[in-house]
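What follows is a single structure, written as structure tokens, with notes after it.
The values are calculated or read from the model by the stated rules, or taken from the named source; none is laboratory data. Just so it is clear, the model here is predicted, and its values are computed rather than measured. Virtual Cβ from ideal backbone geometry, glycine too; neighbours counted across all protein chains shown. Please note that ligands, DNA and RNA were not included when accessible areas were found on the heavy atoms of the full protein model with its side chains. Shrake-Rupley method; radii C 1.70, N 1.55, O 1.52, S 1.80 Å.
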Amino acid sequence: MSIDRRQFFKIAGLATLGLAGKPAYEVFAQGEDVVDSVTVTSETPPVPTGPLTAHRWAMAIDVRKCLDQKDCKKCLLACHQVHNVPDFGNPKDEIKWIWKESFEHAFHEQDFEHLPDDLEHQVVPIFCNHCDNPPCVQVCPTQATFRREDGIVMMDQHRCIGCRYCMAACPYGSRSFNWRDPRPFIKQVDPAYPTRTRGVVEKCTFCDDRLARGLLPACVEACEARAMIFGDLEDAGSGIRELLRQRLAIRRKPGLGTKPEIYYIV
Amino acid sequence: MLENALRGDRRYWSWIALLLGIMFVAFLFYLRQSSYGLGITGLGRDVTWGFYIAQFTFLVGVAASGVMVVLPYYLHNFKEFGKLTILGEFLAIPSVIMCMTFIFVDMGQPFRILNVFLYPTPHSMMFWDTVALGGYLLLNIVISRIVLDAERKGITPPHWIKPVIILSIPWAFSIHTVTAFLYSGLAARPFWMTAILAPRFLASAFAAGPALLILFCFILRRVSKFDAGREPLQKLAVIVTYAMAINVFFVLMEVFTAMYSNIPEHLLHFQLMYFGLEGNTSLVPWMWLSTVLAVVSLILLINPKTRRNEAVLAVACITTFLSLWIDKGLAMVIAGFIPSPLAAVPKYWPTVPEAVISLGVYAMGLFIVTVLYKIALSVRERLAA
């Protein structure tokens with residue numbers, strides 16, 4: 001069996017990662033009390049050592065850890081700041097990549113009548129589920145939204161025609177449309193990330209640009225409670241897999257077969 | 001042939017001027033929309049499709065309905081529709097153009113619309129809908145042009161046109177089926193996710209379209225020398241009757257399934273339409289009006305005495321058309337978005353710019369209908385003379 005250049009580099013790259021042991025993001029991304037065998041040595045993020053890669057990116061949210069931080073908005077503020085997400089101040093034009101939704105609404109298909117006291121009327125962060133079987137990708141007439149091999153559902157805002165079919169198809173309401181020029185409504189433009197034009201759709205991208213620079217998603221990095229655990233779902237030894245082995249996690253609308261990859265640990 | 005559209009009496013030119021005037025005003029509003037963005041409409045993060053897409057959906061039906069005169073004439077050799085086929089095709093052409101315009105005005109980046117062909121995506125129903133509509137437009141342009149040209153020259157149309165006409169029949173069904181698939185394949189929107197949506201679309205289209213054609217024939221009788229004749233219109237009226245009855249039957253099927261199964265995510269949309277939901281009652285008067293109009297239509301259409309009276313038939317056609325327009329051109333799209341996937345009950349109502357732009361697209365459609373009918377009837381008048 002012969003391998004071509006591309007495959008060679010792929011294998012070589014993976015081998016290098018393997019030699020380096022657990023990637024830095026794994027160490028950082030998991031909570032201290034989750035896996036005894038891995039100790040978090042430093043509070044400061046590790047120095048980026050190269051792009052973070054995975055076979056299947058996923059996120060777990062430790063709901064109770066999140067709820068311990070009353071009224072915390074660090075994850076959404078960080079996300080919206082680094083991605084130049086505008087604030088129009090009205091729900092009609094609203095653009096949001098990640099936001100806090102009541103537990104009852106986020107999981108309304110579960111029809112929770114009686115919740116534990118600490119969950120009732122509480123809010124959880126919700127964002128794009130980066131589905132394995134994303135309806136938005138299925139319906140997009142121009143492949144402007146597409147799924148990467150590592151599971152990230154991406155948006156190409158230069159190709160998007162603004163038909164909003166993806167918004168009709170998303171069962172999670174995770175997508176936003178630029179109903180008007182967003183630029184005047186960005187509080188502080190971060191020149192490191194592009195702003196968008198009116199008439200295109202946008203959403204969470206798991207911070208693909210940061211991963212490429214060896215950084216964790218902005219929300220994960222901003223979460224002081226370490227309630228957001230980001231990792232490779234196909235790596236049986238990853239922190240997120242370890243967590244999912246230990247605790248019960250629920251996903252939003254799993255019955256639709258979209259295979260959402262955001263896990264809520266309750 | 002086009003020169004026929006440039007000859008007309010004062011009434012004709014006033015009508016043309018009125019339509020052009022509306023189109024001009026609408027165009028100014030569209031310029032405003034394209035500089036401000038779609039935020040100028042009532043649409044928002046939760047209700048992302050509205051009046052424009054609803055008009056598109058309704059008009060695909062009107063376009064498809066041309067087949068209701070073409071099919072009996074060409075497949076069943078039903079001679080009485082001979083005079084009507086060209087009117088059916090000349091209704092289909094502007095309807096498809098209106099559909100395309102409504103899609104265009106609904107796009108956030110309309111000048112990128114050709115990306116649909118640059119990156120063809122077979123797993124997107126929107127790609128297939130674009131193909132189906134474009135093909136249908138082309139078929140109707142070719143067929144009407146060849147057939148009318150032959151009629152003008154007093155010769156029989158070339159033989160190759162027959163298979164093209166036959167092809168246009170399943171194609172007409174396909175445009176509305178694929179348009180229904182835009183909606184009925186979305187797991188996120190339980191209100192649309194019903195296998196009966198495509199049949200329902202076809203039934204309502206085959207009622208509303210021929211009803212409109214009957215009304216056009218009544219108008220033509222007054223403003224031109226063209227008389228479609230009594231019997232062809234009576235036959236069309238029977239088609240409207242059956243289609244309307246089947247449509248109402250399908251709607252009741254939907255209501256039964258939602259009510260009896262009692263699954264909230266299906267039921268709540270019907271509750272929104274007929275009774276209101278969490279204070280959102282904007283559709284309620286419209287839906288009851290649609291219901292009353294549907295009942296009136298069925299009474300007037302099913303009863304042979306009323307149906308055979310042309311004045312009453314005209315009323316029945318108007319009530320049928322309005323009832324179906326409210327159902328499909330207003331409520332169907334909006335209700336699919338409310339409640340939202342996060343159980344919110346957003347509000348949506350078309351804004352003034354949205355309504356004026358829509359009116360402008362309709363004016364454009366009527367303008368094309370007028371010009372095409374003028375051409376067709378002038379050719380016939382000259383032959384008769």
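A few notes on this one:
- Verdict on B:Gly108 being surrounded by fewer than 21 Cβ atoms within 10 Å (Cβ to Cβ) and within 18 Å of the chain's Cα centre (by Cα): no
- Those helices (runs of 4 or more DSSP H) lying entirely in the range B:246-308 with at least 3 residues free of Cβ contacts under 8 Å to residues at least 40 places away in the same chain and over 22 Å from B:Trp192 (Cα atoms): B:284-302, B:304-308
- As a summary of the residue check, A:Ile152 satisfies the conditions (1) β-branched (Val, Ile, Thr); (2) open to solvent by less than 40 Å² (accessible area, probe 1.4 Å); (3) within 14 Å of chain B (Cβ to nearest Cβ) except for the one numbered (3).
- Only one of A:Gln138, A:Gln143 that is in contact with a Lys or Arg (Cβ under 9 Å, 6 or more places away or on another chain) and either of a type in the set (D, E, K, R) or open to solvent by 60 Å² or more (accessible area, probe 1.4 Å) (or both): A:Gln143
- B:Phe127 without any contact (Cβ under 8 Å) to a residue 40 or more places away in the chain, closer than 24 Å to A:Cys160 by Cα and open to solvent by 90 Å² or more (accessible area, probe 1.4 Å): no
- Flag for B:Leu59 being open to solvent by less than 10 Å² (accessible area, probe 1.4 Å) and more than 30 Å from A:Thr145 (Cβ to Cβ): no
- Which numbered condition B:Ala195 misses (of (1) under 30 Å from A:Pro134 (Cα atoms); (2) assigned to a helix (DSSP H, G or I); (3) away from chain A (no Cβ under 14 Å)): (2)
- None of A:Glu109, A:Glu101, A:Glu94 is of a type outside the set (Val, Ile, Thr), within 14 Å of chain B (Cβ to nearest Cβ), in a loop (DSSP other than H, G, I, E, B) and open to solvent by 10 Å² or more (accessible area, probe 1.4 Å) except A:Glu94.
- Among the residues of the range A:218-257, those identified as in contact with a Pro (Cβ under 8 Å, 6 or more places away or on another chain) and more than 15 Å from A:Arg56 (Cα to Cα) are A:Cys219, A:Glu221, A:Met228, A:Arg251, A:Arg252, A:Lys253, A:Pro254, A:Leu256.
- Qualifying residue in the range B:221-237 (condition: open to solvent by less than 50 Å² (accessible area, probe 1.4 Å), hydroxyl-bearing (Ser, Thr, Tyr), at pLDDT below 95 and more than 23 Å from the chain's Cα centre (by Cα)): yes
- Condition broken by B:Arg200, with the remaining ones in (1) open to solvent by 20 Å² or more (accessible area, probe 1.4 Å); (2) closer than 22 Å to B:Leu137 by Cα satisfied: (2)
- Meets criteria (away from chain B (no Cβ under 14 Å) and touching a helix residue (DSSP H, G or I) at 6+ places or on another chain (Cβ under 8 Å)) for A:Asp232: yes
- Tally, over the range A:167-191, of residues that are away from chain B (no Cβ under 12 Å) and in contact with an Asp or Glu (Cβ under 6 Å, 6 or more places away or on another chain): 0
So that you can scan it fast, the table gives a plain yes or no per residue for (1) buried (at least 20 other Cβ atoms within 10 Å of the Cβ); (2) hydroxyl-bearing (Ser, Thr, Tyr); (3) more than 22 Å from the chain's Cα centre (by Cα):
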{"position": "B:Ile143", "(1), (2), (3)": "yes, no, no"}
{"position": "B:Ile146", "(1), (2), (3)": "no, no, yes"}
{"position": "B:Ala150", "(1), (2), (3)": "no, no, yes"}
{"position": "B:Pro157", "(1), (2), (3)": "no, no, yes"}
{"position": "B:Trp160", "(1), (2), (3)": "no, no, yes"}
{"position": "B:Leu167", "(1), (2), (3)": "no, no, no"}
{"position": "B:Ala180", "(1), (2), (3)": "yes, no, no"}
{"position": "B:Tyr183", "(1), (2), (3)": "yes, yes, no"}
{"position": "B:Met193", "(1), (2), (3)": "no, no, no"}
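- B:Ser124 vs. criteria within 13 Å of chain A (Cβ to nearest Cβ), out of contact with any strand residue (DSSP E or B) (no Cβ under 8 Å at 6 or more places or on another chain), polar (S, T, N, Q) and closer than 25 Å to B:Ala335 by Cβ: yes
- Checked against (1) within 19 Å of A:Val85 (Cα to Cα); (2) among the polar types (S, T, N, Q); (3) open to solvent by less than 20 Å² (accessible area, probe 1.4 Å), A:Thr197 passes all but condition (3).
- Residue match in the range A:137-149 (condition: facing chain B (nearest Cβ under 7 Å), under 22 Å from A:Ile262 (Cβ atoms) and not β-branched (Val, Ile, Thr)): yes
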